[in-house]
Amino acid sequence: MGGLRPNHTEIAAETIDGEVVVVHFASGNYYALSGVAADVWHGIELGHSSLSVADALGRLYGRPAGNEIGEFVELLRSERLVTVSDLDPSGPLILEERGPYSKPMLEKHDDMQELI
């Protein structure tokens, strides 16, 4: 898989106090990503591949993260939040430890579908 990018034709995303909030226009769902999930999103915003993000997180936390990151990215793709890109990353992936490693999770909310 190549690099990844947010699917800006279908979503809007904003990072607020370290948490990423993503709104999918067509479905009306919104999503929250925090901790390691927010780090993954940061890498995607820069155009890095899931492998590149997993390698960076593995170095940061001193543990392999490839399978969990790969599964998480596939979930993001299945929700149409990200797309594959042939563009080179727009910058280096610099991450800071936010506490102990935790499996990245995607919090999905559908309680505002009528409003979006």
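The values are calculated or read from the model by the stated rules, or taken from the named source; none is laboratory data. Computed from a predicted model, the values in this text were never measured in an experiment. Note: ideal-geometry Cβ built from the backbone for every residue, glycine included; neighbour counts use all protein chains shown. Note: accessible area is taken over every heavy atom of the protein model, side chains too, but ligands, DNA and RNA are not part of it. Shrake-Rupley method; radii C 1.70, N 1.55, O 1.52, S 1.80 Å.
One table, with the values for the structure above:
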item	result
Candidate set from the stretch 46-57 (those that are part of a helix (DSSP H, G or I) and hydroxyl-bearing (Ser, Thr, Tyr)); member that is surrounded by the fewest Cβ atoms within 10 Å (Cβ to Cβ)	Ser52
Filter result for Glu68 (surrounded by 15 or more Cβ atoms within 10 Å (Cβ to Cβ), charged (D, E, K, R) and within 16 Å of Ala13 (Cα to Cα))	no
Residue among Glu74, Glu97 that is open to solvent by 80 Å² or more (accessible area, probe 1.4 Å), closer than 19 Å to Ser34 by Cα and without any contact (Cβ under 8 Å) to a residue 24 or more places away in the chain	Glu74
Count of the stretch 1-15 residues which are among the hydrophobic types (A, V, I, L, M, F, W, C), open to solvent by 10 Å² or more (accessible area, probe 1.4 Å) and modelled with pLDDT of 95 or more	2
Verdict on Leu60 being buried (at least 17 other Cβ atoms within 10 Å of the Cβ), among the hydrophobic types (A, V, I, L, M, F, W, C), farther than 21 Å from His8 by Cα and at pLDDT 90 or above	yes
Qualifying positions in the stretch 24-45 - open to solvent by less than 40 Å² (accessible area, probe 1.4 Å), in a strand (DSSP E or B) and out of contact with any helix residue (DSSP H, G or I) (no Cβ under 8 Å at 6 or more places or on another chain)	His24, Tyr31, Ala32
